[in-house]
Structure formats: structure tokens, C-alpha cells
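Visitor: Please find one structure pasted underneath; my questions will follow.
The values are calculated or read from the model by the stated rules, or taken from the named source; none is laboratory data. The model shown is predicted, which means the values in this text are computed figures rather than measured ones. We place every Cβ from the backbone using ideal geometry, glycine too, and count neighbours over all the protein chains shown.
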Amino acid sequence: MKNKYKEILDPNNILIDDRSISDSILLVKKLSETYTYFNNMNKPEGYFSSMLDTDQSFLIAEISKFPIAEQNKKRLNFISKFDHSSTLEIKQEVFQTFLEHTNQMLIKINNWYASSKKNNFSSKNNKIEVELERAIESKISEIFNDYVNYLKFFKEKEIIKDFDSLKVEEFNLVIWESKPTYQFEEIFTYQTQEELINNSLKKVILISSQIFEILYDLSFKSERILESSLYEGKNHKAHIGLLFSFLELINYVKEDINKFAQKHLDFYYKTILKQAPSLTQPLETFVTIDIDENSNELILSKNHLLIAGQYDDGSVVKLELDEDIKLNNIKISDLLTIFVSRNKVFDFNSKYQLISSIYFNSIANSISEVNVFNASETSFSTLGRDQNFLTSSEMNMSEAEIGFLISSPVLKLGSSDRSIKIDLNFSVASINYLSDLIIDISNKTELNEEEVFFRVFSQAFEIQYTAIENWHTIVDYEVISPDDWTSGVISILLNLDKTDPAFTNYDSTIHLLELNTEYPVLKINIDQTKFYNPYSFLNQLELIKINIDVEVNNLKQLKVYREGQLVDNNSEFDLLGPLAKYGSKLFIGCEELFNKKISEFSLSWDYTNIPPKCKSIDDFYEGYGQEFANNSFKLKLSALSDFNFRKHESEDFIFDLFETESNNKLSDSRQVNFKDLKDLKINPNFKINDSYLTDFSNDIETGLLKIELIAPIDGFGFDLYPKLYSNQMASEFSNKKDDKKSKVELNEPFSPKVDNLKISFKASSSFIFNDNEVFENDPLEGNQFYQTSPFGIEQTFSANKIKSKNLFYNFFNEGELIIGLSSDKPFTGVNFLFEINKSENTNYEFSRKIEWYYSSFDGWKKMEKDHILFDQTFNLMKTGIISFRFPEDFSKSTNLLDNNKFYLKACSLDKADQFSLIKSIKTNASLAKEFVLSNSNNRIEKLKANAVEGFEKKPAGVLSVNQPFDSSTFKIKEDDNDFYMRVSELLRHKNRPVTKWDIEKFILNRFDWLSHVSCFNTHNSYQSSVLKILCLKKIEPFQNIEEVKLSKAEMDEIKETLLSFISPFLIIEMVNPVFEDIWIKSKLRFRDISTGKGIERLNHDLLNFICDWRISTKNDIPSLRNKIKKYDIIKFIKERPYISFVTGISVIHFKVLEDGYIYAFDSATSENTDEFIECGSKWSILVPRNSHKIEILSKDEYHPPEVTNFNELAINKSFLIVKKEEQKRIDNNYIDKVSKENNNNIQFQLKI
């Protein structure tokens, strides 16, 4: 109603002369056809029209003013009259009249085209001829030929009388001729004369409709062509040009005459009533200020004025700063976003809300890149957005690198057959989460728990380690589930063979990570391409211990020394020297045994020179008479540690040189296992590498095994053999020789040669996270554990400090914006200017809650609210400034991205993709307001970008002032129509509102931050009459719809103001709206849009359709919607261009009655025949909830609407609250009868 009153008061709706220049041109043309022209002989010589016909502007004006609406009305009236005709004769008369009307439209087009040809001096300038010719050639000519053939048919059948209104011979131009491909559609069949005329009318209606559409298009285009002809055309004759100039001058007189109504209103309202339009707020714009790079932080007071051009009268436009501002040399040097996707479209067969992906976007990582971004036209989602279901061109985030790194000397492993088992010991309480999750999926699928575990963790990681040239990938690995879930152990088994390169110490120049370690590094990252993201299963687990067990076999990279010389062990060599004797020694260098904690090891080799005759030692050395046996030769093993070979008498390290097979035969190989190594007294040196041993010396600290022959005393008999041999030779020629005594062969002694010398060992290391056992960590070992995330690499474990017990970085928030800062000068705060492109969210429950964090020495810390001085952005939803004053511990951090930068981050726990788009971010920003003098009428509506020139008086240290973008458009003063309306309402109630209408308008005028006010008559518990007043606040499109509600303080303010003007006997009550949810249930298919974006767009469109009252435009304030047709909702969904097929649509409505009852209404039930969905109270408002039950179809197939079960009403995080003493009235006959004793209880039904 208010809008109707404004239209009545609008002076522009009461004009004395509202004729356009087209009307004037047509008037002149009509007059020229009436007045006779006399020549210089004073004799009549035709009409003045001949002087005008050659100018195309007159024809264009005629076409633009063609009464298209009137002609269409006639056409529709003919059709209606025909339908309501009772006799055949009347139908024939109407049909003939309809034909006459169609003839006139065709004749009109032909005449226009003929006139355009006659006026054609230059085809380049005659635009109207081109339009007419295009319309006739492409459409009308074929219609015309069909029409002529139909007329012949009608005459043959005698359903029309002869008439000559359409002279076909006048359509003699080539353009009207039929094309060679033209084919006439034969006339339909009919049974009776009435059927014939009915079918004939249908054919003519089709032709008439097409002609009408062409006329409408020509009339519309002619308005633009006329403007071009009048003001841009250069082919007008002199007298025509003078005529048009005269008509243009008349317009100024018309404008002055048409101001009479406004002058009358102004005289009454402004002069007599002494009222004046309300002043509006001064213009505001944002500026950024650059200071000298050598300046420290300085404070600029708001008294400094800025210059921003001139007003119309030449005076200077001045701006003043909104607040004092601290200026410094902080530069933004990093911008990145992180988004954690929990997309509901994925069916994980779990009641848990699993993470599907974690995305990361680095917008800029240097000051120059930030400047390039700010200068570009690109933007990014404030806190990231879900990339699932986006096309490759739409995706602007990549999958984040999430994982962990292990650095330990136990990983110093050369090329050999290696097996590495990593046991992840989790607390029993936390691993129950994983167990419950796997059981939950198992219960909802046909897989058992082991199969679910395999599906989740099979190829779940990307595993690499530091090699000499780069990171080497481990392909052969397995994730092993716990044998007993109460043990809390999940194992990762890595298998490498000799083809895999050796582990090498971390080298920052090769491996390109920011790590502070000198040991090899094992990197384990999550593979996010799998259906189940392992992060969802492991991120909640708490580490107690990590055990690394290493098993190495066939290690041949050994260094062998004898008598101080390096022995080539790539081929056979003398194990104890060429003349092995008692005390002979061999030194084996193996750094891998001495740079980690070895639990056991073995030595093995192959003998290459055992004589063929030597089946056993006792037989081979029988001639020596020393009782040599296979077990006579003993070796003793000792190890070099702390510069000494520790002495020991342990039998565990004294072993036989030879191994005897079952038949007392010497074995060709030997393997010795050592398990209990405590007597060996090896003190590991975790620092040494495989290059530690070079030359043999007595100054080596560690790394050597010593093998010494300690039995027999005679060694291998090299000292005995010469004597025994000479005695044997002498005895052969001795006269005392006993020929009967058998001779024992004296074999030449041998010194064993070996090949294929190798070592196998087992080692282990532990990372203890448990607080009660952390003292067991060895600080000398230097084990380190790191978490990898988009924030960089953070060390969370060392022997001295444990910062986190999580396996991965824990993403508590759904979305994060990280801002990196660089400055060489001290600073205490910063003013950020965020230029934001609005992005309307589709979820009316969206809260816009943001938490800010800052970097400290220990990592992220939450910023308290008192450190945010003000936030003009509504939590990053609109362009504005956020002013920070940083805490004292705001510092750089070694754990976050670049340790030379400071960092801030904005976080949202949920609905992060509902935030807006950021176009640019700048520092040293301030809001500048127009400086308006009290006696000045000068005002400016808008400042273009870079209009601010600088300070009126340049402050010291300031270099320049920038206005990065246009200001908003501001009202200079109250709109005239609003002024008339406001004063009219004031005159009505005279500041004493009586009726509901008075009260509504009074409140709206008093509180301009309100958008809607409605009054309702009700009764209180005492049956007294009460006036309930519903007020809604104005909100921006990005704001949560709940923010239309008033606070208690705002209600009291309105009530107190109103009570001072109304009758004291009127009882009033302020109320907030009750939102009644509407859910849509349907099955559909989208067209040319992804499923995720389609659902998002449908949610957005439904909110705007049903809640169009949220945003009011200048002249249109939609009414609150508490009643809507079911058909309108269904029709709206079907008309969406991105929906190709929809079926099974039903509407679920939760009606809240005045007495508190909640009524679940389902349009799919057979009992429901209501046409409307209506709210339960006058102050209730229908609002579509985003939890619509949308099912995506694979093909177009009809489905009837399905009744919603009560259990379906609790979806995801939504819940229904019902009073216990009340009866839930639900169409599917679900009734919950509860005794009245528990009348204060509230029931929550949750499904999360």
C-alpha cells in the first residue's frame, strides 16, 4: 500500500505534457498531410508532406509509435468473440473480421518497406530499411505466401465473402516472392462446416501471432534507431534539421511545464508546512597510505584533511579520516587458504561426518605476488571452497600435502635387503574411535571389519625417503591392522631390496624441505585420491609410542682391514692372512652396526680354498700329531667403541671358525649369529655415516669389528709343517725305518680364503609420546617427528619436547585464510582493507562466525576480541577495514611456513564456503568521510577510484595516498518521493499514531534500520486486548536470516519510544518472527551443471523465491510471506533452467501454532488436500531449510511423491524440538503420548 501512495504522490505520474519527440514528429507529419503548399506564384502545389517524406526519421517515428498493445488486444478480442459465438454465421463474420485485421498488419509492413525504399539515399544510413528487409526475407515472406494460399482455399470453400482489402498485386517487390524451396502445407481434413471454420481460425491465429511478434520487434528496435537517426544521422536536409531542432527546444518548455505538480507539492510541504528533506550521511570511501620505508610506526590523527577533486561550483572536495590511524611498513607477503571438505553427497556408509578432501590454495607467497594479485581482476574464496564436482576450469585449489616425517639414525641403511616396520602405538581410548568407525561401515556394507580396514588403508599413503639424488618412492608397503584392537597398534611394513638406493642423510639442497636434522628422513603423506580419505580415520588418534624395527640382510658394503691395510673384499681374500696363525686378526668396518641401536646381528661368508682332501680337520691334520679337530679353530669377536676394543670373556662372542655338517664334513660357508650384545659393549655413535671409515689407524673411535684367532696355539700349522716335513723326509731314508708301520700323509697347511662376506642385523628405535614414559627417550639418538601440512613442516617430537601427540596436523576448522606479514621495523598493529565481492550464501543458518589466530614462538594462538579494535567487514562478508592491535607475543614462528614472517589466520568451524570472495587486501587503510560544512549545500554522490589526490597539508613521513576503488553511491539528500510520503504520514497521525497502519509507518520512519513492521491484534492470558508488533531489521544479502530478529535492548528502545506517543491504555508487546521451516523432497536430474553446484543453486533460488522480503530495493519492499501455494513452489522448481527433469515433488512444512504445538505437514499424504501452505501464527514466516531431500536420478522416470517418515525429519545436524506434553500431529500417524507430569521437559531428536 505504501508503494501505491508513493506512486500517487510522484509528480512524474501527473505530467501536463507527456508527449515524446516521436509524438511530436508524428503530429508534424499528420499536419503536413493536411496543409496545402503554395508556390511563389501563390498557387497550390500539393501538400507539405512531400517536403518530409524523404527523411527516414518520420517513418521510424511512425513504426516506433505503432499501437502494438491496442492491435494485440483487438486480435485477442476477435479470438475470444469467436470462441463464444453461438452460431456458424456469427463465427463466419468474426472470422472475416479477423482476416481483415490480419490483412491490415501485412499491408502496414508492406507500406513501411515501400516508404523505406523510397527514402533510401544511402543503404549505410537507412537502418530501418535493413531491419524491415531482414524481417520480411527471414520470416514474413513465407508467412505471406501461406496466408495468400489459405485465402484462396477459404474462398473456394465459401467460408468468406469476396473482399479486396488485401491487394496481392501491391506486394510486387521481389522480396515477397516465395523461395524455390517453399512448400505449402495442405489444408487439414474436416467433417463439418463448423469444424472447417474452427480449424481455419487456428491456422490464421498462428500466422497472426507470428506477424504480431515481428511488429513488436520492429517497434521496439525503432525506438533505438530513431534516437540514432535524430542525434547521430548526418543526412537530414536543412529544413528538416531546423524542424528537429525546434522540436528539441520545445522539450525544455515541456520540462518546465511538467514541473508544475512538483512545484505545487514543494510549495505546500516545504514553504507552508516548513518541512525539509532529511539530510543523509556524507560520502565515504577507503584510502590506503604509504609511508617512508625508513620510518618507524607513526600515528596520524583524523584532523588531517584529504583533497579529492572539486564540486560543481569549483570548491574543493575535502575528506576527513574516520579515526586516528597507526601507520607502519608492514607488507603482506603471503596469502593462502585451506578448506576441509565434508561433502554430504558422498555416501561413505557411515553415521560419522567423514572428511572427503583437504584443499589448499597459495594465492601469493611474496610481496610482489601479493601486489600483482591486488592489481588483477581475480578473486578467491575467503576461506576456500569445496572442489568436489567442479570442472577443471572452475577448480582453484589443489589437494593439500598432509602427512608426517620421521628422522632417526636407525634409518641409516645402505643398499641391501631391508625391511622396516613402523608400529604406531595409539591410546586405547583413541583407537576405539577408529574401531567404531570401521565397525559402523562394516555394519552398513557387506564387508567384514578386515575388508573395511584393507579398503581404507590399502595404498593409502605416498611413502618416500631421502636418497642421494632425490626422494625415492617406496612402492612395496603394507598397512597391518591390529591383531588385538586393545593393543592399539597399527603397523606399516616397508620392504626394499638391493635395487632401491641407500638411505642418505637429509640435504636441504637436494630434498628441499625446511628440516633441522642430520639424519635420513622417511616421508609418509596421505593419498587423497582414494574414496576413503585416511585422514578421517587417523586424525583423532593419540600417539603413545612409535617403534621402528629395522631388519637388514645381505649387507656387503663393508670395509676389511688386515695389518693396517685395506683388503679388497670384492673377491676372495685370506680371512686371517696367507699364514694364519695364533693371534691373526681381521678388522671389518661397518658403520651401520655402530650408528644405531643394534639388537642382534650375524656374520657370514663362503670358503673358497678348502683343499679337496680336507673333508674334516682331524683327518687333514692327522699327520701333525696335534689332535686338530673341526672345532679346534676358535675366533673371538670384539668391537671398537669409544676408541677401544672392549675386553670381554663372554663365550657368546667366541665361536668356531668352521661349521661342521652332520657327517663331520666341513661346510663351505659359515654364519655366526650374535643376539645378546651387552658384553660387546658397543656404545652407538649416531653421528657417523658410511663414509666415516677411510684409512685404518689407531685413532678411530668406532665402527670396527675385530676377529682374532685364539685357538689352537699352533694356528694352521705353518710353523709345524717345515719341521714335520723334514722329519718325514729323513725317516724315509733312515735305516731304522719300519716298513711295516703305516705312513700318515703330511698335508700342506692352508689358510682359509673367503668370499661373499656379509652382515645381517636387526635394530630398533622408539619415539615415546606418553608423558609417564617420556624420560625413556634417548636425547643422544636425536629422533625427530614432524607433521606436514599446508602451514609447512612442524617438529612435534624431540627427546626434549613433545608438542603434539597426533599423527597428522589437526584441522579443527573447515576453512582458513592465512595472511603472512613482513616488516623490518617494529609495529604494534595494522589496519587491513579487504575488498570483497559479495557472494550470497544459500544457507539461512549461516552464522559468519570467525576466529582469528596469530603466530607466536610456540605456534598459533587465539586472538582475544579486545585485540580487534573494529571490524567493518561483518566477518569478511563485505568490503571494509579490520583494525588489529597485536598481542605482545605476536612473533615469527619456526613451525609455520616461512620462519621470517609473521602470520594471521581467520578460521571458521563450519559452512566456510558460504563466505564471500576477496578481491584484494591492503594495509595502512582508513575510512575517509566527506567533510561537509554546516552552511554548505555542496555534496557529492560518488568518488571514482584514485580521485583522492593527497593530504591538504602533507604530514611528515607520508609518501602518498591511494584510493584503490570507487566509493559506493550515496544519497545527497532524502528522495523527494520519500519526503512527500513521510510528511504525508506525519500529517495523518500528527505524531500520535492510533491505527495499526499509523503505528507501522511511525516506527518505520523513526527507526530507519528496520525493514518491516506489522501489527496484530491478539489477547493475553487475561483475555485483554494486546497489540503485538513484529519488527524486522534490515540485513545484507550475506547475513544470516536470523539477524533480522531484534535484541531485547532494541525491542525496549522501540517500545519506550512508541509508548510516549500512543494512548496509555493500549497494551503493546514486541515479538520476533517465528521461522517455520519448509523442506522440499524430490527426485531430479540437472542440466549442464554439476550435482553439487546444482543443489547449491536450487537452495539459493528457493531462499530468494520464498524469502524475497529479505532484501528490499529502493521502490519495492516485498511483503512477508506466511502463506504460499504448493503449486507455486512446484512450478518454480520445474521452471529452473538448470533442472532437466523433476518428479516426486512434495513439501514438508513445520507449522508452529500460537499455543506452541508443532505440526508436521507433508503434502505427499493422501489426506492432505489443502491448496495453500499457511503459517501457524500471524508473526510466523515461511523459510526454506537447506536440508532438502534431493535424490539424483540417472534417467527420466516418473516417481510419485513419497510420504516422509518421522525418522527422516532429523537430518544431519538438524533436529526437531517438541514439547513433551504436546501431541505430535504428523500425517503418517506417528503419535507420541506422554504423561503431563513431565510438562517442563523438552525432547531433542538428533541425528548427527
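Visitor: Going through region 649-688 one residue at a time, which ones are part of a strand (DSSP E or B) and either among the aliphatic types (A, V, I, L, M) or not assigned by TED's automatic domain parsing to the domain that holds residue 610 (or both)? Give the derivation first.
Guide: As a first pass, look at region 649-688 and keep what is part of a strand (DSSP E or B): 654-656, 660, 666, 669-674.
Result: 654, 666, 672.
Visitor: While we're on this one: Confirm whether residue 243 is surrounded by 13 or more Cβ atoms within 10 Å (Cβ to Cβ) and in contact with a helix residue (DSSP H, G or I) (Cβ under 9 Å, 6 or more places away or on another chain). Full working, then the answer.
Guide: Details: surrounded by 13 or more Cβ atoms within 10 Å (Cβ to Cβ): yes; in contact with a helix residue (DSSP H, G or I) (Cβ under 9 Å, 6 or more places away or on another chain): yes.
For residue 243, the condition - surrounded by 13 or more Cβ atoms within 10 Å (Cβ to Cβ) and in contact with a helix residue (DSSP H, G or I) (Cβ under 9 Å, 6 or more places away or on another chain) - is met.
Visitor: Give the residue, chosen from 381, 393, 430, that is out of contact with any helix residue (DSSP H, G or I) (no Cβ under 6 Å at 6 or more places or on another chain), under 22 Å from residue 539 (Cβ atoms) and of a type in the set (Ser, Thr, Tyr).
Guide: Values: 381 fails: under 22 Å from residue 539 (Cβ atoms); 393 fails: under 22 Å from residue 539 (Cβ atoms).
Residue meeting the stated conditions: 430.
Visitor: Of all strands (runs of 3 or more DSSP E) completely enclosed by region 768-838, which ones contain at least 3 residues that are in contact (Cβ under 8 Å) with a residue 60 or more places away in the chain and either polar (S, T, N, Q) or closer than 22 Å to residue 876 by Cβ (or both)? Outline the logic, then answer.
Guide: Values: elements: 784-789, 792-797, 815-822, 829-837.
Filter on region 768-838 gives 784-789, 815-822, 829-837.
Visitor: Can you work out which of the residues in region 1-46 that are under 21 Å from residue 230 (Cα atoms) and basic (Lys, Arg) is surrounded by the most Cβ atoms within 10 Å (Cβ to Cβ)?
Guide: Once the filter is applied, the top-ranked residue is 29.
Here's the yes/no breakdown for (1) assigned by TED's automatic domain parsing to the domain that holds residue 656; (2) closer than 16 Å to residue 588 by Cα; (3) touching a residue at least 24 places away in the same chain (Cβ under 8 Å); (4) touching a Lys or Arg at 6+ places or on another chain (Cβ under 6 Å):
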position: 603; (1), (2), (3), (4): yes, yes, yes, no
position: 611; (1), (2), (3), (4): yes, no, yes, no
position: 619; (1), (2), (3), (4): yes, no, no, no
position: 630; (1), (2), (3), (4): yes, no, yes, no
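Visitor: Inside region 60-91, can you point out the residues that are assigned to a loop (DSSP other than H, G, I, E, B), more than 57 Å from the chain's Cα centre (by Cα) and surrounded by 15 or more Cβ atoms within 10 Å (Cβ to Cβ)?
Guide: So the first thing to find is which residues in region 60-91 are assigned to a loop (DSSP other than H, G, I, E, B), and the list is 65-67, 84-87.
Retained after the next criterion (residues that are more than 57 Å from the chain's Cα centre (by Cα)): 84-87.
Within region 60-91, just 85 meets the criteria.
Visitor: Another question, then. Only one residue in 1015, 1031 is within 42 Å of the chain's Cα centre (by Cα) and farther than 21 Å from residue 278 by Cα. Which one?
Guide: Details: 1015 fails: within 42 Å of the chain's Cα centre (by Cα).
Sole residue among the options that is within 42 Å of the chain's Cα centre (by Cα) and farther than 21 Å from residue 278 by Cα: 1031.
Visitor: Still on this structure, I have one more. In region 110-130, is there at least one residue being closer than 18 Å to residue 204 by Cα and either buried (at least 16 other Cβ atoms within 10 Å of the Cβ) or in contact with a Pro (Cβ under 9 Å, 6 or more places away or on another chain) (or both)?
Guide: Filtering region 110-130 for residues closer than 18 Å to residue 204 by Cα gives none.
The answer is no, given that none of the residues of region 110-130 is closer than 18 Å to residue 204 by Cα and either buried (at least 16 other Cβ atoms within 10 Å of the Cβ) or in contact with a Pro (Cβ under 9 Å, 6 or more places away or on another chain) (or both).
Visitor: Is there a residue being surrounded by fewer than 11 Cβ atoms within 10 Å (Cβ to Cβ) and either in contact with a Gly (Cβ under 6 Å, 6 or more places away or on another chain) or at pLDDT below 85 (or both) anywhere in region 690-708?
Guide: Yes, region 690-708 contains at least one residue that is surrounded by fewer than 11 Cβ atoms within 10 Å (Cβ to Cβ) and either in contact with a Gly (Cβ under 6 Å, 6 or more places away or on another chain) or at pLDDT below 85 (or both).
Visitor: Looking for something assigned to a loop (DSSP other than H, G, I, E, B) and under 60 Å from the mean Cα position of the chain (by Cα) - is there at least one such residue anywhere in region 576-586? Full working, then the answer.
Guide: Step one: list which residues in region 576-586 are assigned to a loop (DSSP other than H, G, I, E, B), which gives 576-584.
Remaining after also requiring under 60 Å from the mean Cα position of the chain (by Cα): none.
Looking for residues that are assigned to a loop (DSSP other than H, G, I, E, B) and under 60 Å from the mean Cα position of the chain (by Cα), one finds none in region 576-586, hence no.
Visitor: Being farther than 24 Å from residue 203 by Cβ, of a type in the set (Ser, Thr, Tyr), within 56 Å of the chain's Cα centre (by Cα) and buried (at least 17 other Cβ atoms within 10 Å of the Cβ) narrows it down to one residue among 57, 49; which is it? Please lay out each step first, then the result.
Guide: Working: 49 fails: within 56 Å of the chain's Cα centre (by Cα).
Unique residue meeting the criteria: 57.
Visitor: Pick out the one residue from 857, 761 that is at pLDDT 95 or above and over 27 Å from the mean Cα position of the chain (by Cα). Lay out the reasoning, then the answer.
Guide: Working: 857 fails: at pLDDT 95 or above.
Being at pLDDT 95 or above and over 27 Å from the mean Cα position of the chain (by Cα) holds for just one of 857, 761, which is 761.
Visitor: Can you find even one residue in region 63-78 that is outside the structural domain of residue 160 (by TED's automatic domain parsing), closer than 28 Å to residue 170 by Cα, of a type in the set (Ser, Thr, Tyr) and modelled with pLDDT of 85 or more?
Guide: Among the residues of region 63-78, not one is outside the structural domain of residue 160 (by TED's automatic domain parsing), closer than 28 Å to residue 170 by Cα, of a type in the set (Ser, Thr, Tyr) and modelled with pLDDT of 85 or more, which makes the answer no.
Visitor: Just give me the residues in region 998-1044 being of a type in the set (A, V, I, L, M, F, W, C) and within 20 Å of residue 984 (Cβ to Cβ), in sequence order.
Guide: First, pick out the residues of region 998-1044 that are of a type in the set (A, V, I, L, M, F, W, C): 999, 1002-1004, 1007, 1009-1010, 1013, 1015-1016, 1026-1027, 1029-1032, 1035, 1038, 1041, 1044.
Within region 998-1044, 999, 1002, 1003, 1004, 1007, 1010, 1013, 1015 qualify.
Visitor: Okay, next question. For residue 367, indicate whether it is in contact with a strand residue (DSSP E or B) (Cβ under 7 Å, 6 or more places away or on another chain), at pLDDT 90 or above, crowded, with 16+ Cβ neighbours inside 10 Å and not aromatic (Phe, Trp, Tyr). Break it down stepwise before answering.
Guide: Numbers: in contact with a strand residue (DSSP E or B) (Cβ under 7 Å, 6 or more places away or on another chain): yes; at pLDDT 90 or above: yes; crowded, with 16+ Cβ neighbours inside 10 Å: no; not aromatic (Phe, Trp, Tyr): yes.
Here the answer is no, as residue 367 does not meet what is asked.
Visitor: So which of 85, 20 is closer than 30 Å to residue 981 by Cα, hydroxyl-bearing (Ser, Thr, Tyr) and free of Cβ contacts under 8 Å to residues at least 60 places away in the same chain?
Guide: Details: 85 fails: closer than 30 Å to residue 981 by Cα.
Checking each option against the conditions leaves just 20.
Visitor: Which condition breaks for residue 1136 when tested against (1) in contact with an Asp or Glu (Cβ under 7 Å, 6 or more places away or on another chain); (2) surrounded by fewer than 16 Cβ atoms within 10 Å (Cβ to Cβ)?
Guide: Every listed condition holds for residue 1136 apart from (2).
Visitor: Would you mention how many residues in region 278-302 are over 37 Å from the mean Cα position of the chain (by Cα) and either crowded, with 17+ Cβ neighbours inside 10 Å or among the basic types (Lys, Arg) (or both)?
Guide: 2
Visitor: Quick one: is residue 838 under 23 Å from residue 380 (Cβ atoms) and modelled with pLDDT under 95? Working first, answer last.
Guide: Values: under 23 Å from residue 380 (Cβ atoms): yes; modelled with pLDDT under 95: yes.
Criteria met by residue 838.
Visitor: Can you tell me which residue within region 324-364, out of those that are in a strand (DSSP E or B) and of a type in the set (Lys, Arg), is surrounded by the most Cβ atoms within 10 Å (Cβ to Cβ)? If you could, list the steps in order and put the result at the bottom.
Guide: First pass over region 324-364, keeping only residues in a strand (DSSP E or B): 325-327, 331-341, 357-364.
Those left that are additionally of a type in the set (Lys, Arg): 326, 331.
On the way: 326: 16, 331: 19.
Taking the candidates together, the pick is 331.
Visitor: Filter region 217-249 down to residues that are under 57 Å from the mean Cα position of the chain (by Cα) and either among the polar types (S, T, N, Q) or assigned to a helix (DSSP H, G or I) (or both), then give me how many there are.
Guide: Residues of region 217-249 that are under 57 Å from the mean Cα position of the chain (by Cα), as a first pass: 217-234, 248.
This time we only want the ones that are either among the polar types (S, T, N, Q) or assigned to a helix (DSSP H, G or I) (or both), so: 217-231, 248.
Qualifying residue count for the region: 16.
Visitor: On to the next question. Please give the helices (runs of 4 or more DSSP H) falling wholly within region 427-518 in which 1 or more residues are among the acidic types (Asp, Glu) and either over 21 Å from residue 807 (Cα atoms) or assigned by TED's automatic domain parsing to the domain that holds residue 773 (or both). Quick ask: steps written out before the conclusion?
Guide: On the way: elements: 428-444, 449-457, 508-511.
Hits in region 427-518: 428-444, 449-457.
Visitor: Here is a follow-up. Can you confirm whether region 250-263 contains a residue that is of a type outside the set (A, V, I, L, M, F, W, C), assigned to a helix (DSSP H, G or I), in contact (Cβ under 8 Å) with a residue 40 or more places away in the chain and farther than 24 Å from residue 971 by Cβ?
Guide: Of all residues in region 250-263, those of a type outside the set (A, V, I, L, M, F, W, C) come to 251-252, 254-256, 258-259, 262-263.
If we keep only those that are assigned to a helix (DSSP H, G or I) as well, we get 251-252, 254-256, 258, 262-263.
This time we only want the ones that are in contact (Cβ under 8 Å) with a residue 40 or more places away in the chain, so: 251, 254, 258, 262.
Those left that are additionally farther than 24 Å from residue 971 by Cβ: 251, 254.
Within region 250-263, one or more residues are of a type outside the set (A, V, I, L, M, F, W, C), assigned to a helix (DSSP H, G or I), in contact (Cβ under 8 Å) with a residue 40 or more places away in the chain and farther than 24 Å from residue 971 by Cβ.
Visitor: Given (1) part of a strand (DSSP E or B); (2) within 44 Å of the chain's Cα centre (by Cα), identify the lone condition not met by residue 1037.
Guide: Evaluating residue 1037 over (1) part of a strand (DSSP E or B); (2) within 44 Å of the chain's Cα centre (by Cα) leaves (1) as the failure.
Visitor: Which condition from (1) among the charged types (D, E, K, R); (2) closer than 26 Å to residue 544 by Cα; (3) buried (at least 16 other Cβ atoms within 10 Å of the Cβ) is the one that residue 500 breaks?
Guide: The single condition residue 500 does not satisfy is (2).
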